[in-house]
Each structure stands twice: as structure tokens, then as C-alpha cells.
1. Please enumerate the residues belonging to segment 132-148 that are closer than 18 Å to Val96 by Cα and either open to solvent by 80 Å² or more (accessible area, probe 1.4 Å) or touching a Pro at 6+ places or on another chain (Cβ under 7 Å) (or both).
2. Within segment 67-77, restricting attention to residues that are out of contact with any Phe, Trp or Tyr (no Cβ under 8 Å at 6 or more places or on another chain) and of a type outside the set (D, E, K, R), which residue is least open to solvent (accessible area, probe 1.4 Å)?
3. Do the conditions hold for Ala129, that is, is it at pLDDT 95 or above, more than 21 Å from Lys101 (Cβ to Cβ) and surrounded by 12 or more Cβ atoms within 10 Å (Cβ to Cβ)?
4. Is it the case that some residue within segment 110-117 is part of a helix (DSSP H, G or I) and open to solvent by less than 40 Å² (accessible area, probe 1.4 Å)?
5. Confirm whether Glu64 is acidic (Asp, Glu) and loosely packed, with under 15 Cβ neighbours inside 10 Å.
6. Within the set of pairs 6+ apart or on separate chains, which have a first residue in segment 114-139 that is under 16 Å from Ala93 (Cα atoms), a second that is open to solvent by 50 Å² or more (accessible area, probe 1.4 Å), and C-beta atoms under 6 Å apart?
7. Looking at (1) in contact with a helix residue (DSSP H, G or I) (Cβ under 8 Å, 6 or more places away or on another chain); (2) surrounded by 20 or more Cβ atoms within 10 Å (Cβ to Cβ), find the lone condition where Gly15 falls short.
8. Out of the residues in segment 18-40 that are open to solvent by 10 Å² or more (accessible area, probe 1.4 Å) and without any contact (Cβ under 8 Å) to a residue 40 or more places away in the chain, state the one that is farthest from Glu90 (Cα to Cα).
Amino acid sequence: MNVALGGTFDPVHDGHRKLFERAFELGDVTVGLTSDELAPKTRHVERYVRPYDRRKRDLEAELEPRAEKHDREFAVRELTEPTGIAVEPEFDALIVSPETKAGGERINEIRREHGHDPLELVVVDHVQAEDGERISSTRIVAGEIDEHGNRTPDREGRGATRPE
């Protein structure tokens, strides 16, 4: 099975790792990584996003051990538009999170318009941080939590300490 997923992945966190793991359980994986131009347009909150080459390097480091574990192949491709690579005919499944499921449904509409079979949409639930809210890159960049969902100290120095 050929599996697609996409995102900005900046920084990679345990929620992303859960998506990657599910993708490799299903088949060979192609990850669409948002271009430097597209990345700010996909954010709900305006924030700094690292350059594509740095994000790609870190993403590949996350994907390599999972590909080996499942004896799968993977590729990272640049996304320049929101529907990305998933409208291409060679894919069988798309990994989505609850908030991106509607985007997956739109991709299937485009695929049908082009005479392609719809993708199996595989919804992977969020990973919760220790505070009960979902882990997100925006929360990590804001300093609320780390990549594993652990609390970081607030401005007065209270709370959990950041791992070294």
C-alpha cells in the first residue's frame, strides 16, 4: 500500500510520531512537507517556521528508524499547494488527524474529478500533553510544552523543568 501524509512538521512532536508510526504500519510512505512559501499559509497562528531544508533533515531523521522497523520505503516531497501529493493516482491511503479529515475529504473529491479512486482516510487521534490538551507545534514553539507534551516552566519558574 502507498500511504501519503503531509504537514509542516516544525517541530516534530509525539503527535507527529503517532501519525508516522500508523503510516508505516500500513505501507510505504510519502510525506509531503510544506514549502517555505506554503508553510505560513497553513498555520492557524502566525509564528516562525524553520526553513524547508532544516525541517526536511529533522523529518528524515524521524522517518528512517520507523521505515527500518517496518521494512518500508519512504520519500519526502515538497508541498507547494495544500492538496499536495495526495491527489496523485499512485496513493491508496492518506493519514489525517481529526482536524485535517475535511481536507482529506476534499482531496478525495479532487481525485474523483480526475477519475482516480478515493483514498482510504486513516484518522489518527491527537496525543494529549500532560495538561490534558493536545500536543501541537504551536504550543511547543510558544514554550508551553516540550515535544513529548511535558509542561515547561511558566514565566515565574513554576512547573516542570525542561529536559536537558
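The values are calculated or read from the model by the stated rules, or taken from the named source; none is laboratory data. From a predicted model like this one, the values you see are computed outputs, not experimental measurements. Positions of Cβ are backbone-derived with ideal geometry, glycine not excepted, and every protein chain shown enters the neighbour counts. All accessible areas refer to the heavy atoms of the entire protein, side chains included, with ligands and DNA or RNA removed. Shrake-Rupley method; radii C 1.70, N 1.55, O 1.52, S 1.80 Å.
1. Answer for segment 132-148, where residues must be closer than 18 Å to Val96 by Cα and either open to solvent by 80 Å² or more (accessible area, probe 1.4 Å) or touching a Pro at 6+ places or on another chain (Cβ under 7 Å) (or both): Arg134, Ser137.
2. Of everything passing the filter in segment 67-77, Val76 is least open to solvent (accessible area, probe 1.4 Å).
3. Considered against the rule, which asks whether it is at pLDDT 95 or above, more than 21 Å from Lys101 (Cβ to Cβ) and surrounded by 12 or more Cβ atoms within 10 Å (Cβ to Cβ), Ala129 comes out as yes.
4. Yes; the residues of segment 110-117 include at least one that is part of a helix (DSSP H, G or I) and open to solvent by less than 40 Å² (accessible area, probe 1.4 Å).
5. Considered against the rule, which asks whether it is acidic (Asp, Glu) and loosely packed, with under 15 Cβ neighbours inside 10 Å, Glu64 comes out as yes.
6. Going by the 6 Å Cβ cut-off, the qualifying pairs are His116/Pro89; Val123/Lys101; Val124/Lys18; Val124/Arg22.
7. Only one criterion in (1) in contact with a helix residue (DSSP H, G or I) (Cβ under 8 Å, 6 or more places away or on another chain); (2) surrounded by 20 or more Cβ atoms within 10 Å (Cβ to Cβ) is unmet by Gly15, namely (1).
8. Pro40
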